[in-house]
Amino acid sequence: MIETFKKEVKQGLENHPKTLPSKYFYNKIGDALFVEIMNLPEYYLTRSELDIFQNKTQDLISAFQLKPESYFELIELGAGDGLKTKKLLNALDAQKFSFDYFPIDISANALSLLKEDLSEVLPNVSVKTQQGDYFEVLASLKESNKPKVILFLGSNIGNMNDEKAAQFIYNLGANLKPGDKLLLGVDLIKSKDIVLPAYNDNQGITAKFNLNLLERINNELGGDFNLNQFKHQPEYNEDDGIAKSFIVSTTQQTVHIKSIGASYHFEAGEKIHTEISRKYNDALIEQIIAETDFKLDTKIMDSKAYFADYILTRH
Ligand code: AVI
């Protein structure tokens, strides 16, 4: 793990322009900051998808094309706190659907908190937490041969470029059977006035989240990044619908990373690209899906049309 981190940091900082992978945002501090982000007034994504799960629950259930009497497996990739999913679980439970809920997460801690919470609020729902890598868990679940509905919410797919997103969805399909469903939650392309503040909040939480990457390099790889000499900078291009996060060096400086045994020079104003948060429209989703074994069934949007849950069927 630490060896991969070291290798990827080295590669990224040798790139022109410099890059660092966004997956390293998520340590204990980063997870907590992301929870704060989801509650920020500017970060509309979570509220928009919650609006769908709360107010269009029946549309979601109809799109899954399930029969109450026949059993299925509801699998969530990256379970989080289950805020949105609880609305769906509640409705499925009330309508006496027969299913098990399999939240998959890399964090055992997140899963045990979720399981505890669900056992209190939805005691009738069978929760089978799965700790580990999404694809390893899916490969093991494939053997059950039961119909499956996969949830991949929160526009998490948007942190991949389109090629990687298509590959990811293709790989999901490889672990499913014809007729299985994928609910893909994505943020939609919209005006800069709405998107940019979501990545540049007033309280500076997103800035902390981004700069935590440098803090991790300092703590885990013996780096000497001076966090006061770097700042968070988001950008959003309405034409291609891609939000990008950068860390900008505010001065000319050299940073040493002990465990890599290398120094990196930064010009004043030089940027490290840390994240993409892609926004979508129907055409982009169709292009991505065309590379996979899924077909597009239904699109369900929130009341402001900020966010969409696309339901796809494995063919
Ligand atoms: C997890 N992911 C979908 C978030 C996003 O919107 O790209 C991560 C995030 N980055 C900055 N704020 C939130």
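Filter segment 3-28 down to the residues that are modelled with pLDDT under 95 and farther than 18 Å from LEU153 by Cα, then identify the one that is nearest to the ligand (Cβ to nearest atom).
Ranking the qualifying residues of segment 3-28, first place goes to ASN27.
Considering segment 118-140 alone, what residues qualify as being over 17 Å from ALA108 (Cβ atoms), among the β-branched types (Val, Ile, Thr) and surrounded by 13 or more Cβ atoms within 10 Å (Cβ to Cβ)?
Correct list: VAL125 only.
Condition test on ILE37, is it within 16 Å of the ligand (Cβ to nearest atom), touching a residue at least 40 places away in the same chain (Cβ under 8 Å), under 19 Å from the mean Cα position of the chain (by Cα) and open to solvent by less than 10 Å² (accessible area, probe 1.4 Å)?
Spelling it out, ILE37 is indeed within 16 Å of the ligand (Cβ to nearest atom), touching a residue at least 40 places away in the same chain (Cβ under 8 Å), under 19 Å from the mean Cα position of the chain (by Cα) and open to solvent by less than 10 Å² (accessible area, probe 1.4 Å).
Which of (1) within 24 Å of the chain's Cα centre (by Cα); (2) open to solvent by 30 Å² or more (accessible area, probe 1.4 Å); (3) within 24 Å of GLY222 (Cα to Cα) does GLU275 not meet, given it meets every other one?
Failing condition for GLU275: (2).
Has segment 67-79 got at least one residue that is modelled with pLDDT of 95 or more, in a helix (DSSP H, G or I) and under 29 Å from LYS164 (Cβ atoms)?
For segment 67-79, residues modelled with pLDDT of 95 or more, in a helix (DSSP H, G or I) and under 29 Å from LYS164 (Cβ atoms): absent.
So which of ASP297, ASP282, ASP302, ASP193 ends up being over 30 Å from ILE61 (Cβ atoms), more than 18 Å from the chain's Cα centre (by Cα) and of a type in the set (D, E, K, R)?
Every option except ASP193 fails the conditions.
So which of TYR264, TYR310 ends up being in the same structural domain as GLU8 (by TED's automatic domain parsing), in contact with a helix residue (DSSP H, G or I) (Cβ under 8 Å, 6 or more places away or on another chain) and part of a strand (DSSP E or B)?
TYR264
Can you give me the number of residues within segment 174-225 that are open to solvent by less than 60 Å² (accessible area, probe 1.4 Å) and either closer than 30 Å to LYS258 by Cβ or more than 12 Å from the ligand (Cβ to nearest atom) (or both)?
Selection size over segment 174-225: 31.
Go through segment 141-159 and give me each residue that's open to solvent by 40 Å² or more (accessible area, probe 1.4 Å), under 24 Å from LYS84 (Cβ atoms) and more than 9 Å from the ligand (Cβ to nearest atom).
Hits for segment 141-159 are LYS146, PRO147.
Restricting the first residue to segment 47-68 and requiring it to be of a type in the set (Gly, Ala, Ser), which pairs with a second residue that is open to solvent by less than 90 Å² (accessible area, probe 1.4 Å) meet a Cβ separation below 6 Å and a spacing of at least six or different chains?
Going by the 6 Å Cβ cut-off, the qualifying pairs are SER48/ASP302; SER48/TYR306; SER48/PHE307; ALA63/THR298; ALA63/ILE311.
Can you find even one residue in segment 24-44 that is within 30 Å of LEU312 (Cβ to Cβ) and among the basic types (Lys, Arg)?
no
For TYR43, all conditions in the list (1) among the hydroxyl-bearing types (Ser, Thr, Tyr); (2) within 16 Å of the ligand (Cβ to nearest atom); (3) in contact with a Lys or Arg (Cβ under 7 Å, 6 or more places away or on another chain) hold save one; what is the number of the exception?
The number of the failed condition is (3).
Looking for whichever is assigned to a helix (DSSP H, G or I), at pLDDT 95 or above and among the acidic types (Asp, Glu) here; the options are GLU275, GLU286. Which one fits?
GLU286
Each row is one residue, and each column tells you yes or no for (1) assigned by TED's automatic domain parsing to the domain that holds ASP297; (2) open to solvent by less than 60 Å² (accessible area, probe 1.4 Å); (3) of a type in the set (D, E, K, R).
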{"site": "SER48", "(1), (2), (3)": "yes, yes, no"}
{"site": "ASP51", "(1), (2), (3)": "yes, yes, yes"}
{"site": "LEU60", "(1), (2), (3)": "yes, yes, no"}
{"site": "ALA63", "(1), (2), (3)": "yes, yes, no"}
{"site": "LEU66", "(1), (2), (3)": "yes, yes, no"}
{"site": "SER70", "(1), (2), (3)": "yes, yes, no"}
{"site": "GLU73", "(1), (2), (3)": "yes, yes, yes"}
{"site": "ASP81", "(1), (2), (3)": "yes, no, yes"}
{"site": "LYS86", "(1), (2), (3)": "yes, yes, yes"}
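The values are calculated or read from the model by the stated rules, or taken from the named source; none is laboratory data. Because the structure is predicted, anything quoted here is derived from the model rather than measured. Glycine gets a Cβ as well: all are built from the backbone with ideal geometry, and neighbour counts include every protein chain shown. For the accessible areas, the whole protein counts, side chains as well, though only heavy atoms, and no ligand, DNA or RNA atoms are used. Shrake-Rupley method; radii C 1.70, N 1.55, O 1.52, S 1.80 Å.
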